[in-house]
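Novice: My questions all concern the structure below.
The values are calculated or read from the model by the stated rules, or taken from the named source; none is laboratory data. Bear in mind that the values here come from a model prediction, so they are computed numbers and not experimental data. Backbone-built Cβ (ideal geometry, glycine too); neighbour counts: all protein chains shown. For accessibility, only protein heavy atoms count, side chains too; no ligands or nucleic acids. Shrake-Rupley method; radii C 1.70, N 1.55, O 1.52, S 1.80 Å.
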Amino acid sequence: MIVGKYRVLWMVALLGILILPGCSQWILEGIGTKTAAPIAEDEIEVAEAAENGEGQELEGKIDTEDWITVESDVQLPILMYHSISEGNRLRVPREEFRSQMAWLRENGYYTLSPEEAFLVLTENRMPSEKCVWLTFDDGYTDNFTEAFPIIKENDMKATVFMIGKSIDKGHHLTENQMMEMSRNGISIESHTINHLELNRMTAEQQEAEMVQSKELFDRILDQDTTVLSYPVGRYNEETLRLSEEAGYKMAVTTEPGGASREQGMHALHRVRISPGLSVDGFASLIENASNH
């Protein structure tokens, strides 16, 4: 009986050894959804990523010779889209989007890159009296299949804020799609790793979301990722400080209205574009969000 008892105990111990790694991995994955566990198999060095903040000088990449200087601080419309499809308030149908881009082109609006937007907001210099910055949150597949062709047809630029852990996942951009867009006037910037509300996180968790995401896109696209979009627009005072320390030059919120330097370069407002908007309504939104 004693031998049988020890045999049972030995089998239980062996089973525990075999199961434990799997349980540990499950626990770590659960924690990772809250603390931005690196998405690559190789660990991301946070300290190294944080040192990449400065990047190249913007002036060296942008021809500003014909830019105009304005006397007052610029108020810039940063347009916020999500999905180019149909179904809910975050989805703008393709034909509505097409009409909106046509209106911008026909009315002489210049679409900015992130680097250009930074100069416009910080130096009150502009490539045109009429400028907008097109942005898309989350990085849905239809940003590539529906929005990208229309943007190219109109010879425009735009920015997609991509969620790190959504790359190559269902209904989101693949790495190859991001690379193609990046080569053709679409900037891919950070929407954190896990798309969690930053204001509900500790400072360490916020830092991990920001720094690891920046390092990821720097590596994939061989760039200096300079802009962060706060998930669901949520942030607090620590968020503002940490986003700058992580190496981002700008961060955007979901606060409504035109963006200006006085808001702080890490708390820029945006103009939400909702479905069902008429062309006149779209025009009114942009004109009200601009002071030039």
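Novice: Could you list all residues from the range 265-289 that are surrounded by 15 or more Cβ atoms within 10 Å (Cβ to Cβ) and either at positive phi or at pLDDT below 95 (or both)?
Specialist: Answer for the range 265-289, where residues must be surrounded by 15 or more Cβ atoms within 10 Å (Cβ to Cβ) and either at positive phi or at pLDDT below 95 (or both): there is none.
Novice: Among the listed residues Ser99, Ser83, identify the single one that is of a type outside the set (Phe, Trp, Tyr), modelled with pLDDT of 95 or more, farther than 11 Å from Val132 by Cα and in contact with a Leu (Cβ under 8 Å, 6 or more places away or on another chain). First the steps, then the outcome.
Specialist: Details: Ser99 fails: in contact with a Leu (Cβ under 8 Å, 6 or more places away or on another chain).
Only one candidate passes the filter, namely Ser83.
Novice: Separate question: Can you confirm whether Asn124 is more than 17 Å from the chain's Cα centre (by Cα) and farther than 29 Å from Asn194 by Cβ?
Specialist: Yes.
Novice: If we keep just the residues of the range 179-212 that are small (Gly, Ala, Ser) and not in a helix (DSSP H, G or I), which is surrounded by the most Cβ atoms within 10 Å (Cβ to Cβ)?
Specialist: Step by step, filter the range 179-212, then rank; the result is Ser190.
Novice: Now, a different point. Anything in the range 144-160 that is touching a Ser or Thr at 6+ places or on another chain (Cβ under 6 Å) and open to solvent by 10 Å² or more (accessible area, probe 1.4 Å)? List them, or say none.
Specialist: Met156, Lys157
Novice: Same structure again: Which of the residues spanning the range 161-178 are free of Cβ contacts under 8 Å to residues at least 60 places away in the same chain, in a helix (DSSP H, G or I) and open to solvent by 40 Å² or more (accessible area, probe 1.4 Å)?
Specialist: Glu175, Asn176, listed by residue number.
Novice: Among the residues of the range 116-125, write down those that are farther than 16 Å from Asp66 by Cβ and buried (at least 18 other Cβ atoms within 10 Å of the Cβ).
Specialist: The answer is Ala117, Phe118, Leu121.
Novice: If we scan the range 127-143, do we find a residue that is among the charged types (D, E, K, R), open to solvent by 40 Å² or more (accessible area, probe 1.4 Å), out of contact with any Lys or Arg (no Cβ under 6 Å at 6 or more places or on another chain) and at pLDDT 95 or above?
Specialist: Within the range 127-143 (the criterion being among the charged types (D, E, K, R), open to solvent by 40 Å² or more (accessible area, probe 1.4 Å), out of contact with any Lys or Arg (no Cβ under 6 Å at 6 or more places or on another chain) and at pLDDT 95 or above), the answer is yes, since at least one residue qualifies.
Novice: Would you confirm whether or not the range 85-92 contains a residue that is surrounded by fewer than 21 Cβ atoms within 10 Å (Cβ to Cβ), part of a helix (DSSP H, G or I) and either in contact with a strand residue (DSSP E or B) (Cβ under 8 Å, 6 or more places away or on another chain) or of a type in the set (S, T, N, Q) (or both)?
Specialist: No, the range 85-92 contains no residue that is surrounded by fewer than 21 Cβ atoms within 10 Å (Cβ to Cβ), part of a helix (DSSP H, G or I) and either in contact with a strand residue (DSSP E or B) (Cβ under 8 Å, 6 or more places away or on another chain) or of a type in the set (S, T, N, Q) (or both).
Novice: Step by step: first the residues of the range 233-260, then only those that are assigned to a helix (DSSP H, G or I) and acidic (Asp, Glu), then the one that is surrounded by the most Cβ atoms within 10 Å (Cβ to Cβ). Which residue is that?
Specialist: Taking the candidates together, the pick is Glu244.
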